[in-house]
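Q: Below you'll find the structure I mean.
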Amino acid sequence: MDLATRVGAVRLANPVLAASGTFGFGPEYDGLVDVAQLGGVAVKGIAPEPWRGNPPPRVWETPSGLLNSIGLQNPGVEQFLSEDLPYLRERGATVVVNIIGRTRAEYATVARRLDGEPGVQALELNISCPNVKEGGIQFGHDPVEAAAVTRAVKGATALPVWVKLSPNTHDLPSMARAVAAAGADAISAINTLVGMAIDVEHRRPALGGLTGGLSGPAIRPIAVRAVWEVSQAVDVPVVGMGGIETATDVLEFLLAGASAVMVGTATFSRPDAMARIIGELPAVLARYGFDSVRAAIGAAHPGRVTP
């Protein structure tokens, strides 16, 4: 069974990557996960300088999901380059660096610093950040802003640029078309949904940041719909994510149009989740008549001839 796939110029040995945020920088899973066996690792979001993040509590379990309010805490790009990237490089990981910023210039600064770094295969833009110079509007809520930050990053690096879309907008296809027109090499779909929980015992919001990002199986149908819509709206590859727990879930995203997927929340309850999914994927593909990952991509779309 051929598990290889491509996300634009990036070749992956298999379609299963660790999602940004839940996998840290790799050492957190040392002894539990062989990063070289994964399709890739999307590291935790990196800013020009360290960010402290939100006050605790930072996570709250929900039915079939998880709310997190980490606040994009990160050590900054210099510490990532000196301490975290060497670990991943030495262990043979395919590295996708998720980058964040409060302005277009901050995104471009990180992209420029990472350009040409051995071991970095692509950048993933987390555009669910507020643009402080534009009154706090999130880049991911405005096609004009999303396109502008995409162009800024493309102008600062020769690395492939994947743009991670927020589902907290009314028109994902328009967002996808805007960033694709601005030069995005691929689109990641989707980031978490905004949610909230109340700690009824203490009569207060459960999270220190009040609201948080909802992830896990509860959002999978929304993510599949997003991949379906985005993959038909643009000609660039789509990386799907949102509640993936099994190899059959991976196939569902492939059929919807994803060229690869990312797994996140599942690794909290099962640190070996990605290795298990990769191991089961050949049998699942064969069961439904596919001889490769590539054959399954978009096979549920109208007009596609399926096995």
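Q: Could you run the Debye sum over the Cα atoms of the range 121-178, one equal point scatterer each and no solvent, and tell me log10 of I(q)/I(0) at q = 0.22 Å⁻¹, two decimals?
A: After summing over all Cα pairs, the log10 values are -0.83.
Q: Let me ask something else about it. For the range 5-296, list log₁₀ I(q)/I(0) at each q in 0.07, 0.11 Å⁻¹, using the Debye formula over Cα point scatterers of equal strength and ignoring solvent, two decimals each.
A: Calculated log10 I(q)/I(0) at the listed q: -0.23, -0.59.
Q: May I ask you to derive the relative contact order of the chain, considering only C-alpha pairs under 8 Å and at least 6 residues apart, and to give it as an integer percent? Before the final figure, lay out each step's value.
A: Numbers: 734 pairs, mean separation 61.3, N = 307.
Over the chain, the number comes to 20 percent.
Q: Oh, and also: Give, in whole angstrom and from largest to smallest, the semi-axes √(5λ) of the equivalent ellipsoid of the range 15-105, with λ running over the eigenvalues of the Cα gyration tensor. Each step should come with its number before you reach the end.
A: Details: eigenvalues 95, 73, 26 Å².
Taking √(5λ) for each Cα gyration eigenvalue gives 22, 19, 11 Å.
Q: Out of the trypsin sites (Lys or Arg not before Pro) in the range 1-95, which ones are loop residues according to DSSP with at most 11 other C-beta atoms within 10 Å?
A: On the way: sites: Arg6, Arg11, Lys44, Arg52, Arg58, Arg89, Arg91; in loops: Arg52, Arg58, Arg91.
Here the sparse-neighbourhood loop sites are Arg52.
Each value in this text was obtained by applying a stated rule to the coordinates, not by laboratory testing. Every value quoted in this text rests on a predicted model; they were computed, and no experiment measured them. Neighbour counts run over all protein chains shown; Cβ positions are idealised from the backbone, glycine included.
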